[in-house]
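Below you'll find the structure, written out as structure tokens, and then a few comments.
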Amino acid sequence: MTKNNDSSWIKSTCAYCGVGCGIEAKVQANGKLEVRGDEEHPANLGKLCSKGLKLGETVTTQGRMLSPSVHGEDCSWDHALSHVASTFSDTIAKYGQDSVAFYVSGQLLTEDYYVVNKLMKGFIGSANIDTNSRLCMASSVVGHKRAFGEDIVPGNYEDLELANLVILTGSNLAWCHPVLYQRLKAAKARHGTKIVVIDPRETASCEIADLHLPLFPGSDIALFNGLLAYMAKLNQINQKYVEQHTEGFDEALELAKRFSNITSVSLATGLKTADIETFFQWFRSTPKTVTVYSQGVNQSTSGTDKVNSILNCHIATGRVGQPGSTPFSITGQPNAMGGREVGGLANTLAAHMEFGNPEQSELLSEFWETSNLATKPGLKAMNMFEAIETGKIKALWVMATNPAVSLPESNRINAILASCPYVVVSDCVESNDTLKYAHVRLPAQGWSEKSGTVTNSERRISRQRRLLPTPGMGKPDWWIVSEVAKKMGFEKQFSYRSELDIFNEYVEQTRLGNEVGKSTARALTLESLSGMTPENYQSFAPRQWPAKDGVCPERLFGDGNYATPNGKGRFVAVDFKPPALSLSERYGLILNSGRIRDQWHTMTRSGLSPSLSENDSVPQLEIHPFDAADRGIKDGHLAKVISSIGEQIFIAKVTSTVSVGQCYAPIHWTHTNCSDGKVCTVIPSNTDPFSGQPEFKATPIEVKSVKTYLDAQIVSRSPLDKTKLNAIPAAFWVSQQCDSGVLYSLKLTVKTLELEDLLAALMDDGQPTLVIASSGEAQRVVYLQSGKFGLAAAIYPSSLAGSQPDISQLVSAEAEPEVMHGFLAGTLKAKSRTICTCKKVTKADIENAIDNTGVCSVKSLGELTGAGTGCGSCVAELEQFIGNAKPISITPYERQVESACGK
Ligand SMILES: Nc1nc2c(c(=O)[nH]1)N[C@H]1C(S)=C(S)[C@@H](COP(=O)(O)OP(=O)(O)OC[C@H]3O[C@@H](n4cnc5c(=O)[nH]c(N)nc54)[C@H](O)[C@@H]3O)O[C@H]1N2
Ligand SMILES: Nc1nc2c(c(=O)[nH]1)N[C@H]1C(S)=C(S)[C@@H](COP(=O)(O)OP(=O)(O)OC[C@H]3O[C@@H](n4cnc5c(=O)[nH]c(N)nc54)[C@H](O)[C@@H]3O)O[C@H]1N2
Ligand code: SF4
Ligand SMILES: [Mo]
């Protein structure tokens, strides 16, 4: 049977990033979910990255929220929903409609998003609904609206393959959109696409870069304004296009001219003039250019202006919405795009209809049959939390996001959540940092149980299909919201029978006033999807919008007609401003934050996969060797990050992929799985004036070493009590999911500690010790539970860290008794770090293959070990082992040395 007509494989969409890969899933005899790439899905044509491939490991009932609860007591759905509905209604009656708020997420399905937006903006009559897209895409949204007149990504993924020059700026595509990165890499192999990476760090994406521009954090506008001025100076502006299809060019050029001299660009960006020149020349001589940008651009106090500085260069050359030639804002979350479409952001209405357009408001009121439509934009995420702080908002409903971790100023946000009179949280897990503050907890269906639609970064709508039954009492988010809406008195408008009813309503909404030429028209339309039957919806194949009858454009604005009232594209005059906070004597390093390859956000899902935890299992602070040496910080030891608003401990990773003076920390660890490592604790909330997006990537900090004497590791079948963990004399602990158990790594501040005493402090009584074995300086113990392995632990001097075995092997389902005995005898070998997650190839496997066979290419290494032959995300690292990591321009480290030598 061929892959595609075996009906036991169900097609759906990956749970994670905005590439929106199609998957096929099959429930195996043991109940586990097998996942493979869907060869028919246009986004990925069968490919998946490590996270997609390991989705099956994350669908577990372990740790799921199973029942609704009110004030800590499990209860019926009816009770919980009535409680929410009456508290919201009472609050509104007493304090007005702006005293309640929703904080939602790009991880909801379009149908979920549609209903919650409808309830808030249509019936409660306030626009105090915002989403985590505020932290993610808001600057791009405003940039798009300013330049194009509507929030639209004009291009398609194929454009990355058709281009002759691809600029990745503020995007680590290799790790964050891996399948698209692999498509780009394959295109480069076919026709030699030139690739420029603009990023302060040397990232995995630099593997395919012909030029890496490690600019100073936040200096993008100087570079792109310099590019615009350069193009104008050399008469490379597409004059005809600019005259016919655009406005505002002269003003934009006027400001850009501040950087008409390459030396001034070099001073502002820290880049070598020769590199700037090369970049400018390539842009000038390559009509087929795609600029991909993401959080290094958006998450900045000048994020919106950064976006427009990029768009200005594309508009000036007519490189918008052309095959292989377009700007490309790449989206983060699986359905951030769907959310932007239905209107999840506080400053938009619905279906690309906007506040300030009375005709659109009228159409919408009539369509929703409401007299209470919101009349003004609501509060953006940070302002929403500030309004809780000042008592203006009294009831908050958080859905599918974890603000206690992901908003800046974590300590303040946590205090705000603790002080909010009424907090409702809908989530699928039973614990995360935000759920701690919930008065009402509502169990939502998880990815594999949900059904509906999502839109990816290239405007392609795909179905997410139900694959598994829901554990406990979990319900779809749209159902939960609709039931509350009904109980609040909006019975008629929220009586949906299924997600299809909602989808059909949304399709009709995109048609409102959308006839060409009308002042209410938008490019967003799903017209040709009207009136879907259950059969059509079930078999719906991925398709892009605009979805119109007849000929439908594959790209937008390619004909020079924009979505602005007069049809002209707009230049925006922007100027370079440095990040909000500058370095000082006290805070002399700049902290950048972002993602790592194998984890997703706050780890509530990817953290459940043992395989995904094997590559990077602890929160590491990347710091340059010079800065580390200055501060006595050693690789693998603790480093405390201190900023003006807080401090947090990480494990130091000393590396010259970050420049001197800069550090990088991952966003994934939380106080649910770690004592520290929560990066937003140290990040103050400075936001972009237009988009409200926080500056997550440029915080002045200082770093200090933290002395510890002993390391301890504990692996247990069942999780340990966190209160007890927090009470022991450890400067730091972190937990990690492993095969059949949880591994804890601790850094102790005491010079001596008996293992028995440590365990007595952590465990309930009554479990017999099998053996305590001490060999050399280490102490080891194994506990049995009902004759089976229950827990193992070891304490050893911190100086031995790195040479100790990873004891997660002991709890593995396949662990043999010899492994246990080897551990107790101190002969168990250290487990090597996994490099290739897909094929489970470790560092030791790779080093052995190289030593024993002398392989000298990644290809033969792959043939020998399998490494790099899955999703390909580890290839950059494999190149390092082979020793032929390609020199790309110069590394940030060399640049610092050169500038220190006055070159
Ligand atoms: N593995 C993984 N993939 C993911 C996610 C995940 O959690 N894990 N999350 C998804 C989501 S929601 C998102 S939004 C995307 C984010 O995808 P990306 O934006 O690619 O990811 P980040 O790591 O946040 O940041 C990108 C790069 O911006 C660089 N940068 C920092 N400051 C500047 C600057 O001033 N200028 C420039 N030009 N660059 C700068 C950083 O060094 C970093 O390498 O990833 C998506 N994909
Ligand atoms: N310092 C720093 N901070 C950042 C960033 C950064 O680069 N640096 N990036 C920002 C960006 S771009 C983003 S997108 C955010 C992400 O930050 P968050 O949105 O806070 O992170 P997630 O872990 O994705 O949180 C999603 C929550 O929803 C739950 N969930 C998953 N699926 C569903 C569902 O279908 N229904 C319901 N009800 N719940 C569900 C999950 O269990 C989890 O608790 O972080 C932002 N914060
Ligand atoms: S690139 Fe990876 S994480 Fe993103 S959608 Fe595809 S498989 Fe999922
Ligand atoms: Mo994001």
Original post:
Among all the lysines, which ones have a C-alpha under 18 Å from LYS548's C-alpha, if same-chain residues fewer than 8 places away are not counted?
Top reply: LYS518
Subject >> Estimated distance in nm for a label pair at ALA629 and GLN281, the labels positioned 7 Å out from Cα along Cα-to-Cβ >> reply: 3.5 nm
Subject >> Protection proxy ranking of 482-491, 826-835 - average other beta-carbon atoms within 10 Å, highest first >> reply: 482-491, 826-835
Original post:
Based on the alpha-carbon gyration tensor of the chain and its eigenvalue square roots a ≥ b ≥ c, which shape applies: rounded if a/c is under 1.5, prolate if not and a/b is larger than b/c, or oblate?
Top reply: oblate
Original post:
How high is the FRET efficiency from SER584 to ARG833, r the C-beta distance, R0 56 Å, rounded to 0.05?
Top reply: 0.90
**OP:** Using only alpha carbon pairs under 8 Å that are at least six residues apart, calculate the relative contact order of the stretch 618-774 and give it in whole percent.
**Re:** 21 percent
**OP:** Report, ordered by chain and residue number, the lysines lying within cross-link reach of LYS722, taken as a straight Cα distance under 17 Å and ignoring same-chain residues fewer than 8 apart.
**Re:** LYS436, LYS678, LYS747
Original post:
Roughly what would the spin-label model give for ALA93 and LEU66, points 7 Å off Cα along C-beta, in nm?
Top reply: 3.7 nm
**OP:** Return the calculated 222 nm mean residue ellipticity for the chain, to the nearest 500 deg cm²/dmol, obtained by summing -39500 (n - 2.57) across DSSP H runs with n ≥ 4 and dividing by the residue count.
**Re:** -8500 deg cm²/dmol
Subject >> Theoretical gain in end-to-end length, CYS856 to SER519 [0.36 nm per residue, Cα-Cα removed] >> reply: 115.0 nm
Original post:
So which aspartates and glutamates can LYS11 reach, going by Cα to Cα under 19 Å and dropping same-chain residues fewer than 8 places off?
Top reply: GLU24, GLU34, ASP38, GLU39, GLU40, GLU57, GLU111, GLU449, GLU499, GLU535
Subject >> Lysine pairs with alpha-carbon atoms under 24 Å apart, the stretch 256-394, spacing 8 or more or separate chains >> reply: 9
Subject >> DSSP H segments from the chain that extend 24 Å or more along their own axis, Cα-based, with Kyte-Doolittle mean of -1.0 or above >> reply: 77-95
Original post:
With charges only on Cβ, +1 for K and R and -1 for D and E, what is the dipole size of the stretch 589-706 about its Cα centre, in debye, rounded to 20?
Top reply: 120 debye
**OP:** Can you tell me the FRET efficiency between GLU359 and TYR709 if r is taken as the Cβ-Cβ distance and R0 is 56 Å, rounded to the nearest 0.05?
**Re:** 0.20
Subject >> Efficiency of FRET from Cβ geometry, GLN785 and GLU818, R₀ 25 Å, rounded to 0.05 >> reply: 0.80
Original post:
Can you list the residues of the stretch 269-288 with backbone N under 12 Å from a point 7 Å past the Cα of GLN236, pointing along Cα to Cβ?
Top reply: 276-288
**OP:** May I ask you to compute the full-extension gain from ARG497 to ARG717, defined as 0.36 nm times their residue separation minus their alpha-carbon distance, rounded to one decimal in nm?
**Re:** 75.0 nm
Original post:
How high is the relative contact order of the chain, given as a whole-number percent (alpha carbon pairs under 8 Å, six or more residues apart)?
Top reply: 15 percent
Subject >> Sorted by Cβ density within 10 Å, fewest first, the residues LYS145, LYS678, LYS240, LYS843 >> reply: LYS240, LYS843, LYS145, LYS678
**OP:** Along Cα→Cβ, 7 Å out, is where each label goes; now give me the distance between the ones at GLN244 and HIS79 in nm to one decimal.
**Re:** 6.9 nm
**OP:** Quick one: which residues, 5+ away or cross-chain, put their amide H under 5 Å from the amide H of ILE23? H built at 1.01 Å from N.
**Re:** SER12, THR13, CYS14, ASP38
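A short reminder: the numbers here are calculations on the coordinates, not readings from a lab. Since the model is a prediction, treat every value here as computed from it, not as a measurement. Don't worry about glycine lacking a Cβ; one is built from the backbone with ideal geometry, like all the others, and counts go over all protein chains shown.
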